[in-house]
Amino acid sequence: MTAGVAPVVEPVALFGHWICPYSVRVEFALAQLGYAYEVIDVPPTAARPKGYVVPEEFLAHSPRHEIPMIREGGRYLADSLPILERLYGARGGCTPEQVEIARWIDASAFGPMVGVYYGTDAGRIADASAALADALLGVADRLGGRAWLVGREPTMAEAALVPVYVRLEGLRALGFTDPVPEAVIEHAERCLALPGGRVAAWSEAQQSEFVRRFTTFRARRAASG
Ligand SMILES: N[C@@H](CCC(=O)N[C@@H](CS)C(=O)NCC(=O)O)C(=O)O
């Protein structure tokens, strides 16, 4: 526990879903930091099966009706980066540098990553692929030959980036063709071998489901447009 920071009340409930990269950040952190937690599956709107009923509790407490949201004790918190700050903050703290890198990853890598799989024409997919490769080059720079982004341990900066690593194989299948620096590939392997990484990692079936969903999305767009 960190002085002055209220301990997180366990078990934590995560309202989230494996296909949501922001939820993956939070589940990585919960498992990595050894919190007791449960996942309450709330698929994103586009992935909801017919007849799915969104939990009242989620609708009542999620200000934007977005996953992830956590409940700890009687309190609710939404938005992945503030949630990471809370979870890491209560276990050893977060430095301004860790927060800054997590925000930089959010701003530089997530847009291009989403751009790759939501891309519907080759030109846009290629642009998003190049922008994602650029962001990962920035990750290699930040690593600067070290094992972790900040200091000697994985931090919230790793948690912010892990969803990119989790879906790398799927991104490859959906048009992410640019090269990834060796240092980043090794960092990805290191992150996914952590306790949090093993929980966050996708199975082959999830990787295929992700690719299938976006291949179908593209085919529908092509047919309608
Ligand atoms: N800034 C938010 C973004 C969260 C977000 O975009 N979540 C998506 C799912 S991946 C969502 O819940 N969208 C609303 C919906 O699907 O109805 C965060 O970092 O947590």
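The values are calculated or read from the model by the stated rules, or taken from the named source; none is laboratory data. Note that the structure is predicted; figures quoted are calculated from it, not measured. Reconstructed Cβ throughout: ideal geometry from the backbone, glycine too, with neighbour counts over all protein chains shown.
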(request) Please identify the pairs in which a residue from the range 26-45 that is farther than 14 Å from residue 58 by Cβ and at pLDDT 95 or above has its Cβ atom under 6 Å from the Cβ atom of a residue that is more than 14 Å from the ligand (Cβ to nearest atom) and part of a loop (DSSP other than H, G, I, E, B), counting only partners at least 6 apart or on another chain. (result) 32/194; 33/91; 35/10; 36/10; 36/11; 37/11
(message) Scan the range 59-71 and tell me whether some residue there is assigned to a strand (DSSP E or B), of a type outside the set (Ser, Thr, Tyr) and closer than 26 Å to residue 214 by Cα.
(response) yes
(message) For the list (1) closer than 27 Å to residue 221 by Cα; (2) away from the ligand (no atom under 16 Å from the Cβ); (3) without any contact (Cβ under 8 Å) to a residue 24 or more places away in the chain, I need the number of the one condition that residue 125 fails.
(response) (3)
(request) Could you grab the pairs with beta carbons closer than 8 Å, sequence gap of 6+ or different chains, first residue in the range 62-83 and away from the ligand (no atom under 11 Å from the Cβ), second one assigned to a loop (DSSP other than H, G, I, E, B)? (result) 72/8; 72/9; 72/10; 73/9; 75/9; 76/62
(message) Return the residues of the range 93-109 that are out of contact with any helix residue (DSSP H, G or I) (no Cβ under 7 Å at 6 or more places or on another chain) and at pLDDT 95 or above; say none if nothing qualifies.
(response) 95, 96, 97, 100, 104, 107
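Please work out if residue 189 is at pLDDT 95 or above, more than 20 Å from residue 118 (Cα to Cα) and not assigned by TED's automatic domain parsing to the domain that holds residue 39. If you could, list the steps in order and put the result at the bottom.
Details: at pLDDT 95 or above: yes; more than 20 Å from residue 118 (Cα to Cα): yes; not assigned by TED's automatic domain parsing to the domain that holds residue 39: yes.
Considered against the rule, which asks whether it is at pLDDT 95 or above, more than 20 Å from residue 118 (Cα to Cα) and not assigned by TED's automatic domain parsing to the domain that holds residue 39, residue 189 comes out as yes.
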(request) Take the range 12-53 and flag every residue that is surrounded by fewer than 24 Cβ atoms within 10 Å (Cβ to Cβ) and near the ligand (Cβ under 9 Å from one of its atoms). (result) 17, 19, 20, 21, 22, 43, 44, 45, 46, 47, 48
